[in-house]
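Input: a single structure, listed below in structure tokens.
The values are calculated or read from the model by the stated rules, or taken from the named source; none is laboratory data. Bear in mind the structure is a predicted one, so any value in this text is a computation, not a measurement. Here Cβ is always computed from backbone atoms with ideal geometry, including for glycine, and neighbour counts include all displayed protein chains. Surface accessibility is based on the protein's heavy atoms, side chains included, excluding ligands, DNA and RNA. Shrake-Rupley method; radii C 1.70, N 1.55, O 1.52, S 1.80 Å.
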Amino acid sequence: MNDQAQILDGKALASEIREEVRGYVERAVRQGHRPPKLVAILVGNDGASETYVAAKAQDCAEVGFDSEVIRLSAHVSEQELLRVVRSLNENPGVDGFIVQLPLPAHIDEQKILFSIDPDKDVDGFHPVNVGKMCLGLSSFLPATPAGILEMLERTGVETEGKHVVVIGRSNIVGRPMSILLSRNARPGNATVTLCHSRSVHLRAHCQSADILVAALGRPGFVGRDLVKPGAVVIDVGITRVADASRKSGFRLSGDVDFEAVAPVASWITPVPGGVGPMTRAGLLTNTRRAHQMRFPNTDLE
Ligand code: L34
């Protein structure tokens, strides 16, 4: 059917979005407002988290946001982390902030996320925002699923009436992705199947997907045999796999076997350069929104 899938170029689309956000910042500043400010709390020194947070700070610089990374030791107490969250909740100079996950095992992730002011929760992880999302009300959407929606919309991939299969039911990707694509909205209006580790007939479900979203965190899990010819394949996986031939000692691997799947898919996201940059763009969009909530008259022109 297809000789080779077209690439869903997250890197290029994210750069387009940053350009738009930069325009917003310029207008806001021209209207006399301070620029948006995003803060990231980074606990410990997980290599991947360091990379993602550094990239987020770089994005902020590029679009003209103020940003700050608050680094805390891997041994920080839950109490202390809660204190930092509360001070950011109360700081009117901060529009939004995130607590980069994962957190060390001794910290109750739920307790931390629930303590964030929902109006500053630019990750969209607080139950108030999750609840609003489920009800179809406007809210901060979790960045990865929001980035994927944006990517589908900007590329003109139709979701209405399509069968979407999501593999993985995490709170930050799979579950919200399934909810967003089933909403009565555009993009949305899809028939969604959410598969996970206990799914029977996972192969058959995947094989009937018009749009397949792989978000389980197992390198190369989706091979050619799971993909219907002409399907759209979204790869959310990004695992560091040891590779002695690289200077870093690792390479990034998605959940999709790209070489095997690209010849049968109609569209496919690469890793890196697919969903990752769109996740970061989703965060910028949410932060812009938080700023706009604070300065409601901005951006009228
Ligand atoms: N609180 N924790 C919170 N919010 C999030 O939205 C995240 N996530 C996930 C992990 N923990 C989080 C991210 O930011 C994953 N994630 C993320 C962010 C950026 C990228 C990937 C995942 C990214 O920029 N990926 C690049 C490659 C980066 C590299 O070289 O490793 C890409 O092109 O895919």
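The table that follows gives values for the structure above.
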item	result
Extension gain (nm, one decimal) between Arg30 and Asp225, 0.36 nm per residue minus Cα-Cα	64.8 nm
Inter-label distance, nm, simple model (7 Å from Cα along the C-beta direction), Val200/Ser170	2.8 nm
Contact order normalised by residue count of region 68-141, Cα under 8 Å, 6+ apart, percent	26 percent
Protection proxy ranking, peptides 153-163, 207-217, 39-49, average beta carbon neighbours within 10 Å, highest first	207-217, 39-49, 153-163
Whole-Hz ³J(HN,Hα) from phi, Karplus 6.51 cos²θ - 1.76 cosθ + 1.60, for region 159-168, glycine and proline x	10, 4, x, 7, 8, 9, 10, 9, 9, x
Furthest towards positive pole of dipole, Thr279, Ala204, Ala262, structure part region 154-301, Cβ charges	Thr279
Distance (nanometres) between label positions extended 7 Å along Cα→Cβ at Met293 and Thr239	3.6 nm
DSSP beta bridges in region 171-301 [antiparallel fraction, %, rounded to 5]	35 percent
Dipole moment magnitude, nearest 20 debye, region 1-47 about Cα centre, only Lys, Arg, Asp, Glu C-beta charged	480 debye
1.4 Å probe accessible area per residue over region 69-213, in Å²	46 Å²
Efficiency of FRET from Cβ geometry, Gln79 and Ala12, R₀ 45 Å, rounded to 0.05	0.55
Solvent-accessible ranking of Asp235, Asp3, largest area first, probe 1.4 Å	Asp3, Asp235
Long-range amide H partners of Val43 with built H, under 5 Å	Leu72, Gln100
Full-extension gain in nm, Gln207 to Ala48, via 0.36 nm per residue minus C-alpha separation	54.1 nm
Accessible surface of the chain, 1.4 Å probe, proportion on carbon and sulfur as whole %	50 percent
Between region 226-247 and region 38-79, the Cα center-to-center distance that results, in Å	26 Å
Computed magnitude of the charge dipole of the chain (debye, nearest 20; Cβ of K, R +1, Cβ of D, E -1)	300 debye
Taking the chain and dividing mean pair separation by its residue count, relative contact order in percent (alpha carbons under 8 Å, at least six apart)	23 percent
DSSP beta bridges in the chain [antiparallel fraction, %, rounded to 5]	10 percent
Trypsin sites (Lys or Arg not before Pro) lying in DSSP loop within region 233-293, provided at most 11 other Cβ fall within 10 Å	Arg246, Lys247
Separation in nanometres of the label points that stand 7 Å from Cα toward Cβ, at Ser87 and Glu20	3.6 nm
